[in-house]
Every structure is written in C-alpha cells, then in structure tokens.
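The values are calculated or read from the model by the stated rules, or taken from the named source; none is laboratory data. For clarity, every value in this text was computed on a predicted model and none was experimentally measured. No Cβ is skipped: glycine too gets one built from the backbone with ideal geometry, and neighbour counts run over all protein chains shown. We work out accessible area using only protein heavy atoms, side chains counted, and drop any ligands, DNA or RNA first. Shrake-Rupley method; radii C 1.70, N 1.55, O 1.52, S 1.80 Å.
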Amino acid sequence: RAADQPSVGRKLVLNIGLIGTSLGCIGVAFSTTFGQAVFWRVMSGAINGTVGSARTMVAERTPKPWHPRAFLLLPAAFNVANVAGPILSGLLAEPLENFPRLFAEGSTFGGADGVQWMKKYPYALPNLLCSVLLLAEALLVHYALEETLKGKRRFEPIRFIQETYANMKD
C-alpha cells in the first residue's frame, strides 16, 4: 500500500527494504547470541517488502507482449541467489580457518595477532558482503531506476539521457 501512495512511491519502498535488510545483515554479522541473530533476521524480513513493488515496476515498465518473459526473470534470479548465496557464504565463513594466509596470525591482513574481529565474529564476513551488495543495489535503484508511480516522477538522469539520445536519432 505504501508503494502506491504519492508521498512514498515504489522506489522509496524498494530502497527502504534494501537498506533495512542491509542493516539487518550487519546486525546478524555482529550478533553474539542466537536470540540476537533471530531478532535481526525477523526485523529484516519485516521491513523487506520489495517483491510486490518489484513486480509492479516490472509490469509497468515492460511492454505487454514481453510480460511472460519479464516475470520469469524474477524467480530465476531468486533461484540463482538461493543456490549461489549459501555456497559463497560457506566459503567466506570462518575466514581465519578458510583463508589463514590472508587473515590468521602472521598473515597478509592479520598482522601478528590476526584479524581480531574475525576471531570474535567468524560469520560476519558473508553477512557484510551481503550488506554491501544490498547497498549497491539500493544505489542502483535510486539512481538508475525510473519511478513508475504516476504523479511521483521526478528528474531521472538515466531517463533524460535515453530520451535525449532518442530525440537525437530522430
């Protein structure tokens, strides 16, 4: 409902979800108890309402004949993330054990004592990577995605460049 309000818009809802989930990943990264980790995951899930807004924007930006193909990309992307995410996270977890030459005692980044925060939080690295990727996506949404809610549109640099280029061709 918030995405359909002229005072909010779809881009803002997407960015709130992405940034909120990013903050939740940071919270999970530095949790010291199971209860803290559950709290941050619940908060991330509660704030992330991006699927509905993303589908609406895909429907509004894609010509009708291309809807079936466009809507197949969303679950395909989710499936790729569901397979690649745990693999990448498993590789990055416990970096002192998995990458001792980089992070352990006497290593490239570890110095004499090793990277101390990685000792205390062995599962922080995958969560921090996820947070960085979510923030990068939020920047892309903010600067490169055109608002599709009528009445909420503002100056969009990407759209301006596309329209200018199209007018130059004519």
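A few comments on the model shown:
- Restricting segment 1-29 to residues that are out of contact with any helix residue (DSSP H, G or I) (no Cβ under 6 Å at 6 or more places or on another chain) and open to solvent by 30 Å² or more (accessible area, probe 1.4 Å) leaves a set whose member that is farthest from E147 (Cα to Cα) is L23.
- Residue identified as closer than 23 Å to S22 by Cα and surrounded by 14 or more Cβ atoms within 10 Å (Cβ to Cβ) among G45, G49, G35: G49
- Among the residues of segment 82-119, those that are polar (S, T, N, Q) and open to solvent by 70 Å² or more (accessible area, probe 1.4 Å) comprise N82, N98, T108, Q116.
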